[in-house]
Amino acid sequence: MPQADERFDIVYSWSTVHYVADPLGLLVSFTKYQPAVILIVASPFGPHAFVRAQVGPGTHVPHWVINMPDAENRMRESGYRLALCAVDEQTYNVVNFDPQHRIGSNAILLFTRARPSRL
């Protein structure tokens, strides 16, 4: 990550947030660069957090599903609001999961810096 005093107009993350053990902490860390927008693409969000394994030939990688309400709250506390929430076109077969863990697509989220309230 760049130094905390760096400034950017946009922070863009594609298919990365869900691979760190503290995805909410990573989201909040993006706000320290004070961008106008934070765009999160191709990471799974759901009504509750849990971790599953991304399995490939000879590998099992932890893959976090991020609690969407918690993400919105943490970003709001950091001065950002959710301006766009969409589902990407890729769908995954998750029938082997119990119903509460069937998150079969990834999200596209756009957070914008909240406007200061006028007094």
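The values are calculated or read from the model by the stated rules, or taken from the named source; none is laboratory data. Values in this document were obtained by computation on a predicted structure and should not be read as measured data. Glycine also receives a Cβ, built like all others from the backbone with ideal geometry; neighbour counts cover every protein chain displayed.
Hey, can you tell me all the residues within the range 1-36 that are farther than 14 Å from Ile66 by Cα, assigned to a helix (DSSP H, G or I) and either small (Gly, Ala, Ser) or touching a Leu at 6+ places or on another chain (Cβ under 7 Å) (or both)?
The one that is farther than 14 Å from Ile66 by Cα, assigned to a helix (DSSP H, G or I) and either small (Gly, Ala, Ser) or touching a Leu at 6+ places or on another chain (Cβ under 7 Å) (or both): Ser29.
Are any of the residues in the range 69-83 at pLDDT below 90 and in a strand (DSSP E or B)?
Checked the range 69-83: no residue is at pLDDT below 90 and in a strand (DSSP E or B).
Quick check on Ala53: is it in contact with a strand residue (DSSP E or B) (Cβ under 9 Å, 6 or more places away or on another chain) and assigned to a strand (DSSP E or B)?
Against the criterion (in contact with a strand residue (DSSP E or B) (Cβ under 9 Å, 6 or more places away or on another chain) and assigned to a strand (DSSP E or B)), Ala53 qualifies.
Among the residues of the range 6-63, how many are under 24 Å from Arg102 (Cβ atoms), among the aliphatic types (A, V, I, L, M), surrounded by fewer than 17 Cβ atoms within 10 Å (Cβ to Cβ) and touching a residue at least 40 places away in the same chain (Cβ under 8 Å)?
Total meeting the criteria: 4.
Determine whether Ala36 is at pLDDT 95 or above and under 14 Å from the mean Cα position of the chain (by Cα).
When the stated conditions are applied, Ala36 does not pass them.
Based on what the data block shows, is Ile66 within 13 Å of the chain's Cα centre (by Cα), buried (at least 17 other Cβ atoms within 10 Å of the Cβ) and in contact (Cβ under 8 Å) with a residue 24 or more places away in the chain?
In short, yes.
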